[in-house]
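> Have a look at this one.
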Amino acid sequence: MGKTLRLGIVGTGSIFTTAHLQPLLDHPEVEIVAVCDIKPGRAAEVAEANGITGVYEDYNEMIAQEELDAIDICTSNLYHSKVAVAALQAGLHVFCEKPDAINPDEAQAMADAAAASGKVLMTMRNNRFTPAAQYIKRYIENGLMGEIYTGRCGWLRRRGIPGKGGWFTTKELSGGGPLIDLGVHFIDLAVWLMGNPKPVAVSGATYTKFAEDELTDSVHSNFGDRVSGSEAVFDVEDLATGFIRFENGATLQLEFSWASNVAEEMNFVELRGTKSGFSLKRGELEVFTETAGQLTNLKPAFKGQPLPAHGEHLKHFIDVVQQRAEPINLPEHGVDMIKILSAIYESAALGREIRLND
């Protein structure tokens, strides 16, 4: 077992309490020594419930006063880069909720600060840690897919707008709607499984059709604090579509929505190779190939109950900090991701394809 890492938390809202808190409390090498939140009382409530002594409303004060080894950032998207850069410059390791940042410049600033500090910077990519994703990654690395040349990915909700009227639906705070909120998950998973090819061009379209709709049918509507009345803001898309071209000639289609008239909520990644293809829908994996002269569908049988993937990624981050593992995702992956998302929004606004390296 490695040294005990003194951890500070920035942002104690729902994503922290539902996905980060328990895995960190359960880890034998982690001590949460301080929590910080700009909402008065929220950090204090989490601290009191979990025996945490340090409570702050200013992350700079927490970084200065506590002898921390690392921080975990679970704020609204606007603050991810600001907090990460400050922590890295103070010599701390950083784990950050997705998305990495709200624009490419801020994502690059995070990557640059990590390189200058020599500390670990990692952004949540929990979908890489599911049993199905880990299996199909090994399948691909064993050469069983052949050349992966195209695919598609998405996350479609019928009615699942998070924190409606609040920071989720306020572009200044979030950077966008379902494309930046959900797209990070499955664009990342698809690109990672494709071997992280460099994106060179994108095109996209965005729509806002359900800003006035109050129906919900998704548990994900519970994320974020809802705001109603004159203070409510909804200036982001509720559906985005797009197309990515990569340097190696491969392509990826995408569609992400918080609200649209579909049969039911569904997330998926499908990739097609010269030897096999696969479909990963709602966590269910099926591989399409041919064996002994016959077209064959394979459904791997995974043993036991899978561990929560958020917790598995946090555990991996700690392993990397403790120098037991090489990082599964790197800051430059985050820079490429935010470049893709930003260019899709630009394409939607201008109505044309955007070249990423022009």
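> How would ASP213, ASP37, ASP235 line up by accessible area, probe 1.4 Å, largest first?
Greatest to least solvent exposure: ASP235, ASP213, ASP37.
> Related question: First compute the accessible area of the range 150-248 with a 1.4 Å probe, then give the percent of it belonging to carbon and sulfur atoms.
Percent of accessible area from carbon and sulfur atoms in the range 150-248: 49.
> Can I ask one more? Read phi for every residue in the range 120-136 and hand back ³J(HN,Hα) as whole Hz from Karplus 6.51 cos²θ - 1.76 cosθ + 1.60, θ = phi - 60°, with x for Gly and Pro.
So the Karplus estimates, Gly and Pro as x, are 7, 10, 9, 10, 3, 9, 4, 5, 6, 9, 6, x, 5, 5, 5, 5, 5 Hz.
> Pairs to check: LYS171/LYS209; LYS98/LYS339; LYS171/LYS339; LYS98/LYS303; LYS137/LYS275. Give those whose C-alpha atoms are more than 19 Å from each other in this structure.
Beyond 19 Å between Cα atoms: LYS98/LYS303.
> Residues with beta-carbon under 15 Å from that of GLU147, excluding GLU147: net charge, scoring Lys, Arg +1 and Asp, Glu -1?
0
> When the C-alpha atoms of the chain are aligned to their principal axes, what extent does each axis show, in angstrom, from largest down?
Largest to smallest, the principal-axis extents are 65, 53, 43 Å.
> All other residues with a Cβ under 12 Å from the Cβ of ALA132 taken together, and with Lys, Arg as +1 and Asp, Glu as -1, what is their net charge?
+4
> Follow-up. Each residue of the range 219-228 in turn: what ³J(HN,Hα) in whole Hz from Karplus with 6.51, -1.76, 1.60 and θ = phi - 60°, glycine and Pro shown as x?
Taking θ as phi minus 60°, the curve returns 4, 5, 5, 7, 6, x, 9, 6, 10, 10 Hz for the range 219-228.
> Keeping all protein chains in place and using 1.4 angstrom, which order do ARG282, ARG152, ARG128 fall into by accessible surface area, from largest down?
Ranked from most to least accessible, the order is ARG282, ARG152, ARG128.
> How much length would be gained if the chain were fully extended between LEU295 and VAL200, taking 0.36 nm per residue of separation minus their Cα-Cα distance, in nm to one decimal?
30.8 nm
> Okay, moving on. Direction-averaged shadow area of the convex hull around the Cα atoms of the range 271-320, nm²?
Seen from a random direction, the Cα hull of the range 271-320 projects 5.4 nm² on average.
> In Å, the Kirkwood hydrodynamic radius of the range 52-164 over pairs of distinct alpha carbons?
Averaging 1/r across every pair of different Cα atoms and inverting gives 16.8 Å.
> Per the helix-only calculation at 222 nm, which mean residue ellipticity applies to the chain, given -39500 (n - 2.57) for every DSSP H run of n ≥ 4 and division by its residues, nearest 500 deg cm²/dmol?
My calculation for the chain gives -9000 deg cm²/dmol from helical runs alone.
> Roughly speaking, to the nearest percent, how much of the range 1-117's 1.4 Å accessible area is carbon and sulfur?
Taking all protein chains in place, the range 1-117 shows 49 percent carbon and sulfur surface.
> So, one more: Just the projected area, averaged over all directions, of the convex hull on the alpha carbon atoms of the range 182-337: how many nm²?
13.6 nm²
> Further question on the same structure: Kirkwood Rh over Cα pairs of the range 24-103 into Stokes-Einstein at 10 °C, 1.306 mPa s: D in µm²/s?
121 µm²/s
> Shifting gears a bit: Keeping every protein chain in place, order GLU31, GLU106 by accessible area at 1.4 Å, biggest value first, i.e. largest first.
GLU31, GLU106
> Given the protein chains as shown and a 1.4 Å probe, how many square angstrom of LYS198 are accessible, to the nearest 10?
Using a 1.4 Å probe on the heavy atoms, I get roughly 100 Å².
> Considering only protein heavy atoms and a probe of 1.4 Å, how much of the accessible area of the range 249-319 is carbon and sulfur, as a whole percent?
Summing carbon and sulfur atoms, their accessible area is 49 percent of the total for the range 249-319.
> In whole angstrom, and with the biggest value first, how far do the Cα coordinates of the range 90-227 range along each principal axis?
The principal-axis extents, from largest down, are 48, 42, 31 Å.
> Could you give the accessible area per residue of the chain, probe 1.4 Å, as a whole number in Å²?
Value returned for the chain: 46 Å² of accessible area per residue.
The values are calculated or read from the model by the stated rules, or taken from the named source; none is laboratory data. Remember, it's a predicted structure, so these values are computed and weren't measured experimentally. A quick note on method: Cβ atoms are made from the backbone with ideal geometry, for glycine too, and the neighbour counts reach across all protein chains shown. The area values use the complete protein model at the heavy-atom level, side chains included, leaving out ligands, DNA and RNA. Shrake-Rupley method; radii C 1.70, N 1.55, O 1.52, S 1.80 Å.
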